There are 2 protein chains.
Amino acid sequence: MANSQQQREPTRAGVLAAARKVAEILPATPLIPFDIGNAKVWVKAECLQPIGAFKIRGAWHRLSAMDESERESGVVAVSSGNHAQGVAWAARRLGMAATIVMPSDAPPIKLGRTRELGAEVVTYDRMTENREEIAQALAAEKRATYVHAFGDPWVIEGQGSAGIEVLAQLAEQGAPPPTRILACCGGGGLSAGLALACPDAEIVPVEPEGWDDVCRSIETGEIQSIGDNPPLTACDALQTFRTSPINFAVLKERCPYGLRVSEQEVREAQRFAFAELRLVLEPGGAVALAAALSGKARLDGTTVIMLTGGNVDPQQFCRSLWPA
Amino acid sequence: MANSQQQREPTRAGVLAAARKVAEILPATPLIPFDIGNAKVWVKAECLQPIGAFKIRGAWHRLSAMDESERESGVVAVSSGNHAQGVAWAARRLGMAATIVMPSDAPPIKLGRTRELGAEVVTYDRMTENREEIAQALAAEKRATYVHAFGDPWVIEGQGSAGIEVLAQLAEQGAPPPTRILACCGGGGLSAGLALACPDAEIVPVEPEGWDDVCRSIETGEIQSIGDNPPLTACDALQTFRTSPINFAVLKERCPYGLRVSEQEVREAQRFAFAELRLVLEPGGAVALAAALSGKARLDGTTVIMLTGGNVDPQQFCRSLWPA
């Protein structure tokens, strides 16, 4: 196996290869139809993955592509918790060491689960410390491979495997291929992967208000960053300051626009998922559904909504959604 | 089409026919693997059905088998809420009138949803009134077909379609066929259907403590009833006083034993489903999982656990599972 450190673009062939690899170890997550008003939509329930999030896909494609010497040196990653668990899960399965740099204010359930999966967790202060620098220094010290949460061709291709499942599942259910896919968006790994997987679909990244760097990047045609003092958001999984060039190269060609949703719209979507779909969604996993339910997203044709994660502290979930 | 009122036994051929009919309109619910200690088990997430419960299967098989004249006269059913929604859903799809007799203390969310599906709801007092008599009188008055919640061959066969999906899904995932299936049990419609669907599996009905008429019927070899003053239970869906002869004819041949779980074990299972599976379960939909998690069920071989329903009031759910 070739060393996996080469610089390259993510490709649809890579997404197809990722889909085959993922299918060997993970059953397809369900694609569930339901109605919003007169529109029939489909949700892809990635919250039902073993780690509760789609990130297991990219992590598995990335780590399983490493050669023997890379595997021996282990991996380092940065994540608020879902990529963390994906990398830890894949590393454990491959017998590799994993060190994950996580914000000290990450949800305790995500910190705990990443440790339970056998990873070493190093925490940092989200507002004052540079997580990339910490991770790069750790990777250099350990001679480990740094696995970026979204700006990595393998990771993008791995996330795209969800789109290959969607195509097969719509066909099985006798439905037309997707007109558009609404994707929860942090750094744009999933959005870029879906764009490669589904070349005929419109890809719509959805971000929390104030964390809309991908929306603004699409609107301006150049990568934009989140400024100082961004607003508080419950969407810990989507607090990304800027996308990467390899993601944006795909997104700028394939995303005519992005959408922004409010914290209240996110909570509404979480409540809807609980009561109507019987699914637990974390805030960051509910933004695409929020865009659909709020009326902000077009729903004509075949609309697929990615439900990307469900790792949430139950007490916090109850307190924020149904305060006594 | 022949009139569907004939007396007959449920059969495996009927289950296979039901599975084909169900597959035409409902995607298979996911079969999700995970580990309990060293045991690998599979959960069948029937809480992800459009009505949030497996009851849609039996209702669809029953109502879609009716001839024109039966359809014109509509249906009457008795249910605390899941069979109610199944019958209402199927009736709406077939353009039929549905009248559902429901206990006045049924969860408001179940009463509301049954009405939203277009059914007429008639309430009764669970402890003082005889629901069967009310329903039979209504059916006679309306010349409507009475659709029993479990003691009906079509309903049993329809519920069994879940077992046909399980067989196909285990095979797809390269797993051996089921050694046993743990089934949440009220009147025994699902358990009997699964027994017909999976002739080589041990079928284990699981009931709430004190509502163990099927367990006792299996143990004594004769149908037993719940006595006066049964204990309170959160499992509204499983408060059945006695099984029917056509169910017991199957169960007595195929169930070597049943299992009982406590209210606390049910809550633990609901918490586990939320945090580890990201699934919302109502108490009655969690008893089979409770049997597995509590150590009461054998888990060697291939164990499938039915998660049968997720229709629960969110505030009640939060209050009972994570009291402030």
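The values are calculated or read from the model by the stated rules, or taken from the named source; none is laboratory data. Note that the structure is a prediction, hence the values are computed from the model and not measured. Note that each Cβ is placed from the backbone with ideal geometry, even for glycine, and that neighbours are counted across all protein chains shown. In case anyone asks, the SASA skips ligands and DNA or RNA and just uses the protein heavy atoms, side chains included. Shrake-Rupley method; radii C 1.70, N 1.55, O 1.52, S 1.80 Å.
Where strands (runs of 3 or more DSSP E) fall entirely within region A:75-129, those with at least 3 residues that are open to solvent by 10 Å² or more (accessible area, probe 1.4 Å) and in contact (Cβ under 8 Å) with a residue 12 or more places away in the chain are at A:120-124.
The residues of region B:53-74 that are in contact with a strand residue (DSSP E or B) (Cβ under 6 Å, 6 or more places away or on another chain) and buried (at least 24 other Cβ atoms within 10 Å of the Cβ), listed by number, are B:Ala53, B:Arg62. Among the residues making up region B:33-73, those that are in contact with a helix residue (DSSP H, G or I) (Cβ under 7 Å, 6 or more places away or on another chain) and among the small types (Gly, Ala, Ser) are B:Ala53, B:Gly58, B:Ala59, B:Ser64, B:Ala65, B:Ser73. Among the numbered conditions (1) within 30 Å of A:Pro50 (Cα to Cα); (2) open to solvent by less than 40 Å² (accessible area, probe 1.4 Å), the only one that B:Asn38 does not meet is (2). Any residue at all in region B:312-324 that is touching a strand residue (DSSP E or B) at 6+ places or on another chain (Cβ under 7 Å) and assigned by TED's automatic domain parsing to the domain that holds B:Glu165? Scanning region B:312-324 turns up no residue that is touching a strand residue (DSSP E or B) at 6+ places or on another chain (Cβ under 7 Å) and assigned by TED's automatic domain parsing to the domain that holds B:Glu165. Of all residues in region B:43-65, none satisfies being in a strand (DSSP E or B) and either at pLDDT below 95 or more than 22 Å from the chain's Cα centre (by Cα) (or both).
Please go through region A:278-316 and pick out each residue that is facing chain B (nearest Cβ under 10 Å) and either modelled with pLDDT under 95 or surrounded by fewer than 23 Cβ atoms within 10 Å (Cβ to Cβ) (or both). Spell out the reasoning first.
Step one: list which residues in region A:278-316 are facing chain B (nearest Cβ under 10 Å), which gives A:278-282, A:285, A:307, A:309-316.
Within region A:278-316, A:Asp313, A:Pro314, A:Gln315, A:Gln316 qualify.
Restrict the check to region A:203-216 and report whether at least one residue is over 26 Å from A:Ala19 (Cα atoms), open to solvent by less than 20 Å² (accessible area, probe 1.4 Å), at pLDDT 95 or above and part of a helix (DSSP H, G or I). The answer is yes, given that some residue of region A:203-216 is over 26 Å from A:Ala19 (Cα atoms), open to solvent by less than 20 Å² (accessible area, probe 1.4 Å), at pLDDT 95 or above and part of a helix (DSSP H, G or I).
Please verify whether A:Gln169 is within 14 Å of another protein chain (Cβ to nearest Cβ), open to solvent by 30 Å² or more (accessible area, probe 1.4 Å) and under 24 Å from A:Gly310 (Cβ atoms), treating the condition exactly as stated. No, not satisfied.
Out of B:Gly227, B:Gly193, I need the residue that is open to solvent by 30 Å² or more (accessible area, probe 1.4 Å) and either assigned to a helix (DSSP H, G or I) or assigned by TED's automatic domain parsing to the domain that holds B:Val166 (or both). Which one? Steps first, answer last, please.
Working: B:Gly193 fails: open to solvent by 30 Å² or more (accessible area, probe 1.4 Å).
From the options B:Gly227, B:Gly193, the qualifying one is B:Gly227.
Figure legend. Inter-residue proximity from region B:19-32: first residues within 20 Å of B:Ala273 (Cβ to Cβ) and within 10 Å of chain A (Cβ to nearest Cβ), second residues surrounded by 21 or more Cβ atoms within 10 Å (Cβ to Cβ) and of a type in the set (D, E, K, R), beta-carbon distance below 9 Å, spacing 6+ or different chains. Indicated pairs: B:Ala28/B:Glu165; B:Thr29/B:Lys44; B:Thr29/B:Glu46; B:Thr29/B:Glu165; B:Pro30/B:Lys44; B:Leu31/B:Lys44; B:Leu31/B:Glu165; B:Ile32/B:Lys44.
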